[in-house]
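The block underneath contains the structure these notes are about, expressed in structure tokens.
The values are calculated or read from the model by the stated rules, or taken from the named source; none is laboratory data. Values in this document were obtained by computation on a predicted structure and should not be read as measured data. Neighbour counts run over all protein chains shown; Cβ positions are idealised from the backbone, glycine included. All accessible areas refer to the heavy atoms of the entire protein, side chains included, with ligands and DNA or RNA removed. Shrake-Rupley method; radii C 1.70, N 1.55, O 1.52, S 1.80 Å.
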Amino acid sequence: MSKKFFLLSLFLFALHSSAFSQLITDSKTELQIEEGINLGSPYHTTLTFFYNLDKNHFFPKRAARTLDLQGNDSDPEELAIKLQQIFEGKGLVIRTSEVPNDANFVDSTANGEHKFYFDRTKLPGIFLEKKGSQWKFSSFSVSQIQKLHKETYPYGSDKLLNILPKIGTDEYLGLQLWQLVGITFLIFLTFLAHLIFTFLVDKGLIYFLDRLGYGYIGENYLLPVAKITSFYLIVLLLSLLIRILQLPVEIYAWIIPVFDTLKPFLITVIFYKIVDVIAAYFASLAAKTESTLDDQLVPLIRKTLKALVILVGTLFILRDGLNLDILPFLTGISIGGVAIALAAQDTIKNFFGSIMIFIDKPFQVGDWVTSGEIDGTVEEVGFRSTRIRTFRNSVMYVPNGKIADAVVDNHGLRQYRRFFTTLTITYDTPPELIEEFVNGLHEIVLAHPMTRKDYFNIFFNNLSAYSQDVMFYIFFEVPTWPEELKARHEILIQIVKLANTLGVRFAFPTQTLHMESFPEKSGLAPSYPGQDEYKARLNQFVTNELTKKPK
């Protein structure tokens, strides 16, 4: 059958390219068609479809010939127009250099079938399929047109596609009158939306939070999130309405990627700000606890979450905004992650060690800990190491992995601090005086505000080589070592005063030579009064010393 071929020249744009509808062609592109139709290859079917829907030569009946209408009763011309509007609304720009000009083209990614996909990401359900000797939009693609059209133009915005052109089709500056009016309206709507959001956020939200007593939180944490959210809603609104303007493909080629990049970028910024709100909440919870370890944990959580938000947000910007394939990037990260993990086993061990420290809380900032050569006060707990200030005033940086595997003696968690000493008194001290001395020691412990009253041991329990020994075993209920030393000082001062009052002499290692007494010479051994005198002296000590109010 003889065919009449003729050449249709395409328009030149930007000196090097020509375009109609959503199709960009180079200046050498030629379309050979019979009666405006050529379905011999994906390349010619694509040209036929978009060329016949161009505003300068609008033949929707011819464009509908590119659709496989098997089993579909809808109006073919309406389906063709809606499909072209879907391409526009999705911002999908098709370049002829990327469309195969092969009648027997086979898609290796589609099981070797005769199919051609325009964009598997934005329009995975729209593809050309070879039927016989012709390439057409598949019957499956045709069945998806109505659904995709509603998704592309939601909330009834598709009705504006038919209403707005009635404003006027006269061209000014390369755009029709209704498109210029629509652009002006969008600009006005952008400023109006910004004013409304600003008023609602700055005035309404802050006023409402002030009434609830959360003005500081609202102004410093929620207000930044609300402002970025308002910008995101404006961008979302513009990206929805700009599709209705049906702007030339040259504009879509750069404006759609801008909107696609702005949306994930603003979402990333929103979540970045939300991390500060979450951190502030956890910081308020940490301030209510006695532990200081969670105060160190909050900044680490904030930094980690922010790094995670930036990483995930960057991936979405690369995929949705710049339309880049991130699978090779993720694969490279996974392979590189294995290599890094093998090379940084100690670092990973320290990281998990820090997690175990934050979970188990074996100590907190300010605690005195001992573990092997480690002996000092905890100053800071990081993700890799813990900083400990020794009693030599030096600083030890201990890997958390080592601490997690070691036995740690936390002196800071002691409820009571033990004090044990032996009070040695001379052998010439009579039993009655020892008894009153021990009773006085009990009174000292009971009167001191920082001693444990329910358990202590004070007994005359040993006869050593040079002294009679009184065991003094008590506990202080104090949180820090300086307070313990202060309590010891006060207790020992009271013991010395008690001994001086009762006339008790403390023994020390000595050798005594006893000589027989000479006439008219008194012996060296001291004389002691009776038990009644001891009790009187003890009562005087309790009255004078232990009933005093602490300074």
Fill in: Test set (1) part of a loop (DSSP other than H, G, I, E, B); (2) at pLDDT below 90 - ASP532 fails condition number
(1)
Fill in: Condition check for PHE460: open to solvent by 80 Å² or more (accessible area, probe 1.4 Å), on the phi < 0 side of the Ramachandran plot and touching a helix residue (DSSP H, G or I) at 6+ places or on another chain (Cβ under 7 Å)
yes
Practice prompt. Check LEU39, LEU69 and return the single one that is over 28 Å from ILE251 (Cα atoms), assigned to a loop (DSSP other than H, G, I, E, B) and open to solvent by less than 40 Å² (accessible area, probe 1.4 Å).
Written response: LEU39
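Residues are listed down the side, and each one gets a yes or a no for (1) of a type in the set (Val, Ile, Thr); (2) more than 16 Å from PHE127 (Cβ to Cβ); (3) in a helix (DSSP H, G or I):
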position	(1), (2), (3)
TYR43	no, no, yes
ARG65	no, yes, yes
ASP73	no, yes, no
GLU78	no, yes, yes
ILE81	yes, yes, yes
GLN84	no, no, yes
PHE87	no, no, yes
PRO100	no, no, no
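This table checks each residue for (1) closer than 22 Å to GLY40 by Cα; (2) touching a Pro at 6+ places or on another chain (Cβ under 6 Å); (3) open to solvent by less than 20 Å² (accessible area, probe 1.4 Å); (4) free of Cβ contacts under 8 Å to residues at least 24 places away in the same chain.
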{"position": "ARG62", "(1), (2), (3), (4)": "yes, no, no, no"}
{"position": "GLU77", "(1), (2), (3), (4)": "yes, yes, no, yes"}
{"position": "LYS82", "(1), (2), (3), (4)": "no, no, no, no"}
{"position": "LYS90", "(1), (2), (3), (4)": "no, no, no, no"}
{"position": "SER97", "(1), (2), (3), (4)": "yes, no, no, no"}
{"position": "THR109", "(1), (2), (3), (4)": "yes, no, no, yes"}
{"position": "GLY112", "(1), (2), (3), (4)": "yes, no, no, yes"}
{"position": "LYS115", "(1), (2), (3), (4)": "yes, no, no, yes"}
{"position": "PHE118", "(1), (2), (3), (4)": "yes, no, no, no"}
Discussion item. Suppose the filter is exposed (fewer than 15 other Cβ atoms within 10 Å of the Cβ), at pLDDT 50 or above and charged (D, E, K, R); does ASP54 pass it?
Written reply: no
Discussion item. Can you find a residue that is outside any loop (DSSP other than H, G, I, E, B), at pLDDT 90 or above and of a type in the set (Lys, Arg) anywhere in segment 448-462?
Written reply: no
Worksheet item: Within the bounds of segment 430-437, is there any residue that is open to solvent by 90 Å² or more (accessible area, probe 1.4 Å), part of a helix (DSSP H, G or I) and among the acidic types (Asp, Glu)?
Response: yes
Worksheet item: Just wondering, is there one or more residues in segment 470-489 that are within 30 Å of GLY376 (Cα to Cα), of a type in the set (Phe, Trp, Tyr), open to solvent by 70 Å² or more (accessible area, probe 1.4 Å) and under 48 Å from the mean Cα position of the chain (by Cα)?
Response: yes
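Output the residues belonging to segment 397-429 that are among the β-branched types (Val, Ile, Thr), under 27 Å from LEU538 (Cβ atoms) and surrounded by 15 or more Cβ atoms within 10 Å (Cβ to Cβ).
Result: THR424, ILE425, THR426, THR429.
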Worksheet item: Scanning for something modelled with pLDDT of 70 or more, open to solvent by 90 Å² or more (accessible area, probe 1.4 Å) and either aliphatic (A, V, I, L, M) or in a loop (DSSP other than H, G, I, E, B) (or both), does segment 144-157 turn up at least one residue?
Response: yes
Worksheet, complete the sentence: Checked against (1) open to solvent by 20 Å² or more (accessible area, probe 1.4 Å); (2) at pLDDT below 85; (3) polar (S, T, N, Q); (4) farther than 20 Å from PHE58 by Cβ, SER133 satisfies every condition except (2)
